[in-house]
Amino acid sequence: MKILIINGPNLNLLGTREPETYGNKTFEDYFSKLQFRFRKVELSYFQSNLEGEIINQLHEANHKFDGIVLNAAAYTHTSVALGDAVKAIETPVVEVHISNTHAREEFRHKSFIAANAKGVILGFGLRSYDLAITSFIEDKE
Ligand code: DQA
């Protein structure tokens, strides 16, 4: 089973960025933990601060993975193009967020991804990624 995690803008700063909201772990550290926990899964990770690069990555990933875990970060709330990219590919995408975006500013309540995603997991801290991976594994069982 192959799963790709895609992180959007500013998530390269996890660990130091607003730790009260996003915690103090770097994603690289957390990714190592995920690789250990899901040893039987081939996990890949891509991060970009650029919208077009994330779109290209979604296109490239189509049919190459069993599932994509996407945290599009702020682009979630702004990008019609990212929503369209998720709709355009056939590989299922689970949208994740570290924070509970519905408990935050109004502009974070809107997602251009959600309607085209398989599901949405948010508000569980980094564990949102774990839950998304688990959902793909359980779907296959
Ligand atoms: C986020 C929530 C977004 O609103 C924000 O812009 C982020 C991170 C999250 O994981 O909680 O950058 O996607």
Filtered residues of the range 27-42 (kept if under 15 Å from the mean Cα position of the chain (by Cα), surrounded by 14 or more Cβ atoms within 10 Å (Cβ to Cβ) and away from the ligand (no atom under 13 Å from the Cβ)):
31, 34
Index of the failed condition, residue 121 passing every other in (1) within 11 Å of the ligand (Cβ to nearest atom); (2) more than 22 Å from residue 133 (Cβ to Cβ); (3) not in a helix (DSSP H, G or I):
(2)
One residue is enough: does the range 100-115 have a residue meeting the conditions in contact with a Phe, Trp or Tyr (Cβ under 9 Å, 6 or more places away or on another chain), polar (S, T, N, Q) and touching a residue at least 40 places away in the same chain (Cβ under 8 Å)?
no
Of these, 48, 32, which one is free of Cβ contacts under 8 Å to residues at least 12 places away in the same chain and of a type outside the set (Val, Ile, Thr)?
32
For the list (1) surrounded by fewer than 18 Cβ atoms within 10 Å (Cβ to Cβ); (2) part of a strand (DSSP E or B), I need the number of the one condition that residue 110 fails.
(2)
Please work out which one of (1) within 26 Å of residue 18 (Cα to Cα); (2) more than 14 Å from the ligand (Cβ to nearest atom); (3) in a helix (DSSP H, G or I) is the condition residue 45 fails and give its number.
(3)
Scanning the range 7-24 for residues that are more than 14 Å from the chain's Cα centre (by Cα) and exposed (fewer than 15 other Cβ atoms within 10 Å of the Cβ) gives 13, 16, 17, 18, 19, 20, 21, 24
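Just so you know, all these numbers are worked out from the coordinates, no wet-lab data involved. Owing to the predicted nature of the structure, the values given are computational and were not obtained by experimental measurement. Heads up, the Cβs are rebuilt from the backbone with ideal geometry, glycines too, and the neighbour counts pull from every protein chain shown.
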